[in-house]
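What follows draws every value from the coordinates through simple rules; no lab data is involved. Note that the coordinates shown come from a computational prediction; the quantities given were computed from them, not determined experimentally. Please note: Cβ atoms are built from the backbone with ideal geometry, for glycine as well, and neighbour counts cover all protein chains shown.
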Amino acid sequence: MPLDEAFVADCPYGPGGLLIDELLEVDEDASRVVVRMPTHADLPLTREQRAHPVFHPRHVSGGLMVHMTGMVGFVHAYHVLGLRHSEGWIGYGGRIYDARFLALADPGEPLILEGEATKVRRRAKQIFARYRFRFTQEDREVYVSEQAAMWMRVEASDQPEAAAPRERA
């Protein structure tokens, strides 16, 4: 299904950072989401590659795949945990326990990005989640990882007053 406009508007990244075009599955009971990411040669980082057909073939950047784990985490937070960035919730990756780049992802065919929370601990203003990610392209695994993220609810009253500018001597 296409992405919901409210979801896109709530994302802390614009379309050039969200980079997904379809929500394929939300399974609240399994704490799992699946999305689709189109791939092409003009993706961030990928477009900067100095590609060579033998020594460095063009591929979806590994750094971009790590970024996409955050986007899949946001999909999970929004659709499974019910968190809204517009209500002060923001998440940050905290740890990559294991990551394996199993094959190069070629620009052209979309990637299917799966994310499943294997552990969730909730507090009033914090949620810790441990995720298992699996990215495939044409039924071939290209990236798998286990990572953790911390979701926090931030309110304006939580922030210290802005310090007055210092005078220079």
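In a reduced charge model with +1 at each Lys and Arg Cβ and -1 at each Asp and Glu Cβ, the chain shows a dipole moment near 820 debye about its Cα centre.
Between the entries (1) 20.3, 73; (2) 18.3, 56; (3) 17.9, 64, the label attached to Rg and Dmax of the Cα atoms in Å calculated for this structure is (3).
Put a dot 7 Å past the Cα of HIS40, heading toward its Cβ, do the same for GLU155, and the two dots end up 4.4 nm apart.
Once each part is reduced to its C-alpha centroid, what is the distance from region 54-93 to region 99-162 in angstrom? The two parts, judged by their Cα centres, are 6 Å apart. Placing unit charges on the Cβ atoms of the charged side chains and taking the dipole of the chain about its Cα centre, the candidate lying farthest along the positive direction among THR136, VAL120, PRO107 is VAL120.
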